[in-house]
Amino acid sequence: MSRHYPFCLTTFAVAALALLAPVFVLSVHAQVAKQAALADNTTIKPPASPATVGTSTAVAPATATAPATAAAPATSGAAGAGNVAAVDPANPAAQKGIAGRAIDKVREVAKSATDIFSRVPCQSAKGVAKSMGSLPHVASKLAAGQPVVIIAFGSSSTNGYGATSAEFTYPNRLAAQLRRQYPSADITIVNRGKGGEDAPEMMKRLQSEVIDMHPDMVIWQVGTNAVLRNLDPAETAALVEEGVLRIQAAGADLVLVDPQYSPRVNEHPESAGKIVKLLGRVAELRHVGVFPRFEVMRDWHEKQAIPMDGFVISDGLHMNDWGYACFAQLLGDDIIRSVGQIKLGVNVPADVRTYRPM
């Protein structure tokens, strides 16, 4: 009996390794894709599903430079082929440990990719007033099935810092949602997020990276780094207002997104409060939409009792996959609602801001 034991164990090990190899290859590919999407200057246009008519593309971030004050989130390294070959078939305990870790990794990725809201449902914040305006330009084009270009403009949370892959950044999640809703539309979402920037830096690239692309809609996330860098809230608001006027003159719909509610931002409550209030005033004065991200995320924590680490990564600043997904979902719901108004003939003028509870 003992003479056959090594043979049986070796056979088991070979079979197990053959089954595990694809897992590690997939893990390596996932890590490579993440690095390419969040660290390179390339653009990625994921192919449309064969069953889907039309296209909806979210262009990958131009850069993934995170704010200098933010620490990179911890990630688990992927085991490569060399690690598989190094497994000792005479050590079943080690083999079992590797197998277990590989299975756990596969389950984790599958759960995150296929049902990101299974752990925490994405619910609207009750009693939080927000205004997306009527978005007449982009809504009319979507309703008519015409090509639409949306630009996501901002800093690291637009770029997607903290997401486990480019697929889970908010622009990509938003593109997927709109694609499902309007399968015959040609929708392109361009990610123009750059880590560490705020209004002063963004204004320098507003013309070349936003206006020159002739977008139908601009989603401008701004203000977080102004809080962290202790910039003058009034000066920030003045720069944003100037940018708003330039975007409006280019004929695009616009939605402002204020800072995130997170531990790092909450260390500066006075500055954060002023930025949020001033951005709201700019939006009201210039008749553009505003998505109150700060109040929405505060509602997640204080009213929906979601732990902070349920939507913010370990650096205490950037959102995780769930946070980006829920943010994109709520934003997309408003865009879809606006298109529905156009289809029903409820064409609210661009200069009328309609407030409604979330």
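The values are calculated or read from the model by the stated rules, or taken from the named source; none is laboratory data. Values in this document were obtained by computation on a predicted structure and should not be read as measured data. Cβ coordinates were reconstructed from backbone atoms using ideal geometry, including for glycine residues, and neighbour counts include every protein chain displayed.
Within region 233-346, considering only helices (runs of 4 or more DSSP H) that don't extend past its boundaries, which have at least 2 residues that are closer than 25 Å to Asp212 by Cβ and touching a helix residue (DSSP H, G or I) at 6+ places or on another chain (Cβ under 8 Å)?
On the way: elements: 233-249, 263-266, 269-286, 293-302, 321-343.
Ranges flagged: 233-249, 269-286, 321-343.
Condition first: without any contact (Cβ under 8 Å) to a residue 40 or more places away in the chain and either within 22 Å of Val190 (Cα to Cα) or of a type in the set (D, E, K, R) (or both). Now tell me which residues in region 222-245 satisfy that.
As a first pass, look at region 222-245 and keep what is without any contact (Cβ under 8 Å) to a residue 40 or more places away in the chain: 229, 231-232, 235, 238, 242.
Matches in region 222-245: Arg229, Asp232, Glu235, Glu242.
Regarding region 256-277, can at least one residue be identified that is crowded, with 24+ Cβ neighbours inside 10 Å and under 26 Å from Ala144 (Cα atoms)?
yes
Looking at Lys303, Lys274, which one is over 25 Å from Leu245 (Cβ atoms) and over 21 Å from the mean Cα position of the chain (by Cα)? Before the answer, list the steps.
Working: Lys274 fails: over 25 Å from Leu245 (Cβ atoms).
That would be Lys303, the only listed residue that is over 25 Å from Leu245 (Cβ atoms) and over 21 Å from the mean Cα position of the chain (by Cα).
So, in region 229-281, exactly how many residues are of a type in the set (S, T, N, Q) and out of contact with any His (no Cβ under 9 Å at 6 or more places or on another chain)? Give the derivation first.
Here is the first cut: in region 229-281, the residues of a type in the set (S, T, N, Q) are 230, 236, 248, 260, 262, 266, 271.
Filter once more, so that each one left must be out of contact with any His (no Cβ under 9 Å at 6 or more places or on another chain): 236, 266, 271.
Counting residues in region 229-281 that are of a type in the set (S, T, N, Q) and out of contact with any His (no Cβ under 9 Å at 6 or more places or on another chain) gives 3.
Might you let me know whether region 236-245 holds any residue that is in contact with a Ser or Thr (Cβ under 7 Å, 6 or more places away or on another chain) and crowded, with 17+ Cβ neighbours inside 10 Å? Explain how you work it out, then say what you get.
The first filter runs over region 236-245 and keeps only residues in contact with a Ser or Thr (Cβ under 7 Å, 6 or more places away or on another chain), leaving none.
The answer is no, given that none of the residues of region 236-245 is in contact with a Ser or Thr (Cβ under 7 Å, 6 or more places away or on another chain) and crowded, with 17+ Cβ neighbours inside 10 Å.
Would you confirm whether any residue within region 228-241 is within 22 Å of the chain's Cα centre (by Cα), closer than 20 Å to Cys326 by Cβ and either modelled with pLDDT of 95 or more or of a type in the set (A, V, I, L, M) (or both)?
Within region 228-241 (the criterion being within 22 Å of the chain's Cα centre (by Cα), closer than 20 Å to Cys326 by Cβ and either modelled with pLDDT of 95 or more or of a type in the set (A, V, I, L, M) (or both)), the answer is no, since none of the residues qualifies.
Can you run down the residue pairs with Cβ atoms below 8 Å, 6 or more apart or on separate chains, where the first is in region 246-270 and under 11 Å from Val227 (Cα atoms) and the partner is among the hydroxyl-bearing types (Ser, Thr, Tyr) and part of a helix (DSSP H, G or I)?
Going by the 8 Å Cβ cut-off, the qualifying pairs are Pro259/Thr224; Gln260/Ser157; Gln260/Thr224; Val265/Thr224.
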